[in-house]
1. Within the group 136, 116, which residue is in contact with a Phe, Trp or Tyr (Cβ under 9 Å, 6 or more places away or on another chain) and either part of a helix (DSSP H, G or I) or crowded, with 16+ Cβ neighbours inside 10 Å (or both)?
2. Identify, please: which residue in the stretch 92-139 is β-branched (Val, Ile, Thr) and under 13 Å from the mean Cα position of the chain (by Cα) and is, among those, nearest to residue 6 (Cα to Cα)?
3. Could you check the stretch 70-81 and list, in sequence order, the residues that are under 13 Å from residue 126 (Cα atoms) and of a type in the set (A, V, I, L, M)?
4. Restricting to the stretch 47-79, what's the tally of residues that are of a type in the set (S, T, N, Q) and more than 30 Å from residue 7 (Cβ to Cβ)?
5. Quick one: which of 68, 105, 42 is surrounded by fewer than 18 Cβ atoms within 10 Å (Cβ to Cβ), among the aromatic types (Phe, Trp, Tyr) and in a helix (DSSP H, G or I)?
6. Surrounded by fewer than 19 Cβ atoms within 10 Å (Cβ to Cβ), within 18 Å of the chain's Cα centre (by Cα) and either assigned to a loop (DSSP other than H, G, I, E, B) or at pLDDT below 95 (or both): does that describe residue 5?
7. Which number in (1) hydrophobic (A, V, I, L, M, F, W, C); (2) under 30 Å from residue 4 (Cβ atoms); (3) in contact with a helix residue (DSSP H, G or I) (Cβ under 6 Å, 6 or more places away or on another chain) marks the one condition that residue 89 misses?
8. List the residue pairs whose Cβ atoms are under 8 Å apart, where the first residue sits in the stretch 92-112 and is among the hydroxyl-bearing types (Ser, Thr, Tyr), the second is surrounded by 13 or more Cβ atoms within 10 Å (Cβ to Cβ) and at pLDDT 90 or above, and the two are 6 or more positions apart or on different chains.
Amino acid sequence: MPLRLIRTGNQTSSLVLRVMLGVVMFPHGAQKVLGWFGGHGFSATLDAFTGKMGIPLVFALLAIAAEFLGSLGLIVGLLTRVAALGITCVMLVATLMVHLQNGFFMNWFGNKQGEGFEYHLLAMAIGLALMIQGGGRWSLDRLIHERIQVQKPAAA
């Protein structure tokens, strides 16, 4: 694994961004994988993605993994950049395939057919910031990177 993938500073801002994005995305992933929070579970979600929405199986599996495993990775700061990339891609595809036609604003009053994409833009912005900065303070990425740096032999 290239070290630059897990290299990160000690920014508190990255900690806040990754934990909050992870906490917000976890229920969505748990709906899809475990059927929690009113979700339909793995099989039904996979059927909906591949059958009803026409998403190829590999991309459906990646989307489900990005939301579930990516959210957990963000919370603990493990492979933060990869997790953020996955969630950013899921939000981009959701925006283009589902939410763009509903306009910008969320359906706050329940009087529209669907939800707008403002939430998705925020999630994508947070994901991009995490891809740039990494996991920051109290991330497993930082801990692993520091341990690897300590174990490297000094250059001759």
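1. Working: 136 fails: in contact with a Phe, Trp or Tyr (Cβ under 9 Å, 6 or more places away or on another chain).
Residue meeting the stated conditions: 116.
2. Filtering the stretch 92-139 down to residues β-branched (Val, Ile, Thr) leaves 93, 95, 98, 126, 132.
Next, from what is left, pick out any that are under 13 Å from the mean Cα position of the chain (by Cα): 93, 126.
Values: 93: 26, 126: 17 Å.
Taking the candidates together, the pick is 126.
3. Correct list: 74 only.
4. The number of residues fulfilling the criteria is 1.
5. On the way: 68 fails: surrounded by fewer than 18 Cβ atoms within 10 Å (Cβ to Cβ); 105 fails: in a helix (DSSP H, G or I).
Sole residue among the options that is surrounded by fewer than 18 Cβ atoms within 10 Å (Cβ to Cβ), among the aromatic types (Phe, Trp, Tyr) and in a helix (DSSP H, G or I): 42.
6. Numbers: surrounded by fewer than 19 Cβ atoms within 10 Å (Cβ to Cβ): yes; within 18 Å of the chain's Cα centre (by Cα): yes; either assigned to a loop (DSSP other than H, G, I, E, B) or at pLDDT below 95 (or both): yes.
In short, yes.
7. Checking residue 89 against (1) hydrophobic (A, V, I, L, M, F, W, C); (2) under 30 Å from residue 4 (Cβ atoms); (3) in contact with a helix residue (DSSP H, G or I) (Cβ under 6 Å, 6 or more places away or on another chain), the one that fails is (3).
8. 95/117; 95/120; 95/121; 95/124
The values are calculated or read from the model by the stated rules, or taken from the named source; none is laboratory data. Just so you know, these numbers come straight off a predicted model, no measurement behind them. Cβ sites come from the backbone with ideal geometry, for glycine too, and all protein chains shown count toward neighbours.
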